[in-house]
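Take a look at the structure set out below.
The values are calculated or read from the model by the stated rules, or taken from the named source; none is laboratory data. These figures come from a predicted structure and were not determined experimentally. As a convention, Cβ positions derive from the backbone with ideal geometry for all residues, glycine included, and neighbour counts pool all protein chains shown.
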């Protein structure tokens, strides 16, 4: 849940023995995303490009296109120019780990704070 950018409430943390906790290691988070991408074609969700009349889902997505091809796409709303729905970027990686590190750095600003958990290198 955390690496998908979701919030984990304190009650759930305590009930699952996730509180108090040691700092999380960035390498462990990368490994978790790599394991997910081995089974699922998208992380953290399927890519949906901006479309007229729909809210722009801001943030990045990794798509597995093969064992050595991963595409990271991200977009953000562009409210200042009505002709442009969203700014978009795309980057190709040759390993799931490299794509995961990029996602964690640019989408979740890690290492650092992840929903109250300290993430360290």
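Scanning the range 16-43 for residues that are more than 13 Å from residue 114 (Cα to Cα), at pLDDT 95 or above and outside any helix (DSSP H, G or I) yields 40, 41, 42, 43. Being surrounded by 11 or more Cβ atoms within 10 Å (Cβ to Cβ) and not in a helix (DSSP H, G or I) is a property that residue 13 lacks. Taking the criterion of being surrounded by fewer than 16 Cβ atoms within 10 Å (Cβ to Cβ), in contact with a strand residue (DSSP E or B) (Cβ under 9 Å, 6 or more places away or on another chain) and at pLDDT below 95, the only residue of the range 58-67 that qualifies is 58. Selection of the range 75-94 for residues being modelled with pLDDT of 95 or more and surrounded by 14 or more Cβ atoms within 10 Å (Cβ to Cβ) yields 91, 93.
Taken over the range 25-43, residues that are touching a strand residue (DSSP E or B) at 6+ places or on another chain (Cβ under 7 Å) and under 20 Å from residue 67 (Cβ atoms) amount to 6.
Here residue 46 fulfils each of the conditions (1) exposed (fewer than 12 other Cβ atoms within 10 Å of the Cβ); (2) touching a strand residue (DSSP E or B) at 6+ places or on another chain (Cβ under 8 Å); (3) not in a loop (DSSP other than H, G, I, E, B) apart from (3). When we screen 115, 107 for residues that are at pLDDT below 95, crowded, with 17+ Cβ neighbours inside 10 Å and within 30 Å of residue 20 (Cβ to Cβ), the only hit is 107.
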